[in-house]
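Readers should treat all values here as calculations from the given coordinates under stated rules, not as data from a laboratory. On a predicted model such as this, the values are computed, not experimentally measured, just so you know. Ideal geometry is used to build each Cβ from the backbone, glycine not excepted, and the neighbour counts take in all protein chains shown.
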Amino acid sequence: MRIFSIGAVLWGILPLLMTSLSDPLPQYAAVVEESEPEIPAEPEEEIILLLEGEELPVSSFPEIWGYLISGREQYYKPDMPISDIGYFGAEVNVYGQLVGVPNPKNIPGFTGRVHLVAACNGQALSHFSLMEGSQTRQKLIADLLAAAQAFDGLQIDFENVPARDGTAYRSFLAELSKGLGTGKMFTVALSARSKTLENDVYDYGKIKDIVDRILVMAYDEHWSGSKPGPIASMGWCRSVANYALKTVGPEKLIMGLPFYGRSWGNWNPSQAYIYSGIQRIKEERRITDIRRDQGIPNFVYEAPITATVYYEDDYSISNRLELYRGMGVRGVGFWRIGQESPTVWNRLKLIR
């Protein structure tokens, strides 16, 4: 049951039913822009899944990435089998400036590589920041290169680059790659694909030679605005991984996996109402207790909501890991540390 008050402060949102999701999900968690259609899973042979109750295998990979949010370093544990941490916090602000660069010294006990992740999520802001020849772009590149000196690598996570800015985006990546030189790892996080798209900003084939790694964000097959469904179904993951292996190759590919879940409800009370709508609610709910806050009327009522929840546990993660490992994927990355079942790390082994 959910309670909300019209005219007061009890407007609610649907429960996510998962403590780890009480924090906002950065757009990095989205594998495709929410305006894009879902990528249909190609019909292939049946995937053999481990069932609940079966003993889970230990999945081994040469590279295991975990993403960590600045300010939540306590979620990282030194015994986690992780080779690389993508450190979140840096972003491009409304003026095209780099802000929020975290301090890699704040991750205690980690001996692997720490990568500065720089995010930019707005279409207009991305266009403004990537404009070739602009002082804003030159300053952003200089600031990114300077900030990356304290890290082992730099990762670019620009998820809403406008369709006509593909050339500017790739030249931006090329300038960063050249500026970093050979002493730092340069990586990029890209939306999932299962086929080549026409005039694709995130064209794997055109980007792979610019970077050292491509992390494919194979999650949010279903998102907050879609119909209910898995964050990353097995068939969809196989299609995405198959395409990525063919276009990127196993040496540069990191397949992203979700730790989080989502909830969908059949009704959301958070909206604006005209007077006749308010009167209809009062009649339908038989509301008689009208209160006034400084003379402004408001009331409270309860209404049932049906929620559908998809989430990840040790079995779903293990099935996805074994699917990727069996396909020849050499690296996996998890969004994000702190959202997972604690025992999932027992199912992973880092091959040094």
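List of remarks:
- Ratio Rg/Rh [Cα only; Rh per Kirkwood] for the stretch 115-163: 0.99
- Alpha carbon centroid spacing (whole Å) that separates the stretch 232-287 from the stretch 54-87: 25 Å
- For the chain, the longest principal axis of the C-alpha atoms and the axis of helix 234-247 are separated by about 30°.
- Beta bridge orientation in the stretch 74-155: antiparallel %, DSSP, nearest 5: 20 percent
- Protection-proxy order for peptides 300-311, 154-165, 127-138, each taking the mean of Cβ atoms within 10 Å per residue, highest first: 154-165, 127-138, 300-311
- Were the residues from Asn298 through Glu52 laid out at 0.36 nm apart, the gain over their Cα-Cα distance would be 83.7 nm.
- Distance distribution note for the stretch 73-129: the fraction of Cα pairs above 14 angstrom is 58%.
- Charge dipole magnitude, Cβ of K and R +1, D and E -1 - the stretch 90-235, Cα centre, debye nearest 20: 200 debye
- A simple charge model with +1 on the Cβ of Lys and Arg, -1 on the Cβ of Asp and Glu and nothing else charged puts the dipole of the chain at about 700 debye relative to its Cα centre.
- Inter-label distance, nm, simple model (7 Å from Cα along the C-beta direction), Asp152/Val94: 3.8 nm
- Once the Cα-Cα distance is subtracted from the 0.36 nm per residue extended length, the Tyr75 to Gln279 segment shows a gain of 68.6 nm.
- Among Tyr275, Tyr67, the ranking by other beta carbons within 10 Å of each residue's beta carbon, starting with the fewest, stands as Tyr275, Tyr67.
- Dipole of the stretch 242-352, positive end: most advanced residue of Gly277, Asn319, Leu253 [Cβ charges, Cα centre]: Leu253
- Legend: calculated FRET efficiency, Thr167 to Ser226, from the Cβ-Cβ distance at R0 = 41 Å, rounded to 0.05, equals 0.85.
- Nitroxide proxy distance, nm - points 7 Å out along Cα→Cβ at Asp209 and Thr308: 4.4 nm
- The stretch 88-124 and the stretch 125-150 have Cα centres lying 14 Å from one another.
- Among 336-342, 281-287, sorting by the average number of other beta carbon atoms lying within 10 angstrom of each residue, highest first, gives 336-342, 281-287.
- In Å, descending, principal axis extents of the Cα set of the stretch 210-252: 35, 19, 10
- Relative to the longest principal axis of the Cα atoms of the chain, helix 314-327 runs at roughly 30 degrees.
- Residue exposure proxy: Arg320, Arg193, ordered by other Cβ atoms within 10 angstrom of their Cβ from fewest to most, comes out as Arg193, Arg320.
- Proximal lysines to Lys246, defined as alpha-carbon separation beneath 29 angstrom and excluding residues fewer than eight positions away on the same chain: Lys178, Lys184, Lys195, Lys206, Lys208, Lys349
- For Asp79, Asp293, order by how many other beta-carbon atoms lie within 10 Å, fewest first: Asp79, Asp293
- In degrees, nearest ten, helix 275-284 long axis to first principal axis of the chain (Cα): 70 degrees
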